[in-house]
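The values are calculated or read from the model by the stated rules, or taken from the named source; none is laboratory data. It should be emphasised that the depicted structure is a prediction, and the values quoted were computed from it without experimental measurement. Cβ sites come from the backbone with ideal geometry, for glycine too, and all protein chains shown count toward neighbours.
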Amino acid sequence: MSAFAESFRTAAALVLDADPVLWRTVRLSLAVSFSACAIAAGIGLAAGAWLAVAQFPGRRALLALLNTLLALPSVVVGLVVYLLLSRSGPLGDWGILFTPGAMVIAQTILVLPVIAALARQLVNDSLRDGGEQLRSMGARPFTAALLMLLHERWAVATVLLTAFGRAVSEVGAVMIVGGNIDGVTRVITTTIALETSKGDLPLALGLGIVLLALVGLVNAGIAVAQRAQGSGLAGAR
């Protein structure tokens with residue numbers, strides 16, 4: 001049997017037999033990414049709605065910056081958060097560097113521009129179609145923007161799933177601020193990188209299988225949300 005086939009067989013056994021190390025890593029990874037996306041959603045959706053309707057000097061520059069941050073490398077986010085949370089940094093007194101809390105902060109910063117930018121575009125498109133009716137009813141611009149997010153809830157679900165997929169699959173930021181400490185801050189991606197370098201291919205491959213399954217579920221969720229959104233639009237007609 002080839003080395004790949006043997007590694008794959010062992011990896012599948014680790015997944016199916018509920019290997020404690022593997023599933024502890026998966027649980028931590030999900031907890032960090034879900035927490036980061038929840039925080040980023042609360043801030044990003046409101047920020048995106050506000051940016052869609054607000055008019056102020058420098059708005060175009062701010063939107064250009066937001067679009068630039070969509071391509072922000074995760075290692076840069078990790079470096080900035082590391083400098084902020086290090087003992088000599090301005091937030092060093094928090095004492096959370098190399099903890100899951102630091103990883104949540106890094107992933108929140110990483111996905112916040114994604115949620116804000118996509119929410120802004122979503123609100124812009126929605127107001128173009130139905131904003132006049134809300135304005136005729138006396139709704140203020142920001143209130144109308146928030147109502148549009150509520151109305152386009154399936155599209156919002158797509159935005160949040162996209163952000164979660166970005167968070168759960170990134171490695172650079174959490175590696176830097178988490179330290180990849182066994183049993184404390186090792187998530188799926190950092191463990192795959194470490195175990196591959198050590199030659200422990202079955203565990204790395206097993207985690208890779210789980211990560212691919214998670215990404216597949218996210219994509220399936222996006223497809224369901226888009227189908228539901230399309231059905232809703234068809235029903236509205």
For this session: Might you let me know whether the stretch 112-122 holds any residue that is within 17 Å of G178 (Cα to Cα), crowded, with 21+ Cβ neighbours inside 10 Å and either out of contact with any strand residue (DSSP E or B) (no Cβ under 7 Å at 6 or more places or on another chain) or not basic (K, R) (or both)?
Result: no
Seminar exercise, completed: In the stretch 30-83, anything more than 18 Å from V187 (Cβ to Cβ), aromatic (F, W, Y) and surrounded by 12 or more Cβ atoms within 10 Å (Cβ to Cβ) is listed as W50
For this session: Would you check if T68 is free of Cβ contacts under 8 Å to residues at least 24 places away in the same chain and either assigned to a helix (DSSP H, G or I) or within 16 Å of G178 (Cα to Cα) (or both)?
Result: yes
Seminar exercise, completed: Note on the stretch 81-96: residues more than 17 Å from I181 (Cβ to Cβ) and in a helix (DSSP H, G or I) are L83, L84, G92, D93, W94
Seminar exercise, completed: How many residues of the stretch 210-227 are surrounded by 15 or more Cβ atoms within 10 Å (Cβ to Cβ) and of a type in the set (A, V, I, L, M)? The answer is 6
Problem set entry | Residue match in the stretch 174-187 (condition: modelled with pLDDT of 90 or more, of a type in the set (A, V, I, L, M, F, W, C), part of a helix (DSSP H, G or I) and touching a Phe, Trp or Tyr at 6+ places or on another chain (Cβ under 9 Å)) | yes
Problem set entry | Subset of the stretch 51-63 [over 21 Å from the mean Cα position of the chain (by Cα) and either part of a helix (DSSP H, G or I) or in contact (Cβ under 8 Å) with a residue 24 or more places away in the chain (or both)] | A52, V53, A54, R59, R60, A61, L62
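To keep it simple, each residue is scored yes or no on (1) within 21 Å of I39 (Cα to Cα); (2) at pLDDT below 95; (3) not basic (K, R).
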| residue | (1), (2), (3) |
| --- | --- |
| F98 | yes, no, yes |
| A102 | yes, no, yes |
| V111 | yes, no, yes |
| N124 | no, yes, yes |
| D129 | no, yes, yes |
| L161 | yes, yes, yes |
| T191 | no, yes, yes |
For this session: Please enumerate the residues belonging to the stretch 183-203 that are closer than 13 Å to V26 by Cα and without any contact (Cβ under 8 Å) to a residue 24 or more places away in the chain.
Result: T190, I192
Exercise. Which members of the stretch 53-70 meet the condition of being within 19 Å of L122 (Cα to Cα) and of a type in the set (G, A, S)?
Worked result: A54, A64
Exercise. Can you find a residue in the stretch 197-217 that is in contact with a Phe, Trp or Tyr (Cβ under 6 Å, 6 or more places away or on another chain), assigned to a loop (DSSP other than H, G, I, E, B) and not acidic (D, E)?
Worked result: no
Seminar exercise, completed: Of the residues in the stretch 6-47 that are without any contact (Cβ under 8 Å) to a residue 24 or more places away in the chain and within 20 Å of A102 (Cβ to Cβ), the one that is farthest from the chain's Cα centre (by Cα) is R27
For this session: Keeping to the stretch 147-166, report how many residues are over 12 Å from the mean Cα position of the chain (by Cα), hydrophobic (A, V, I, L, M, F, W, C) and more than 12 Å from L118 (Cβ to Cβ).
Result: 4
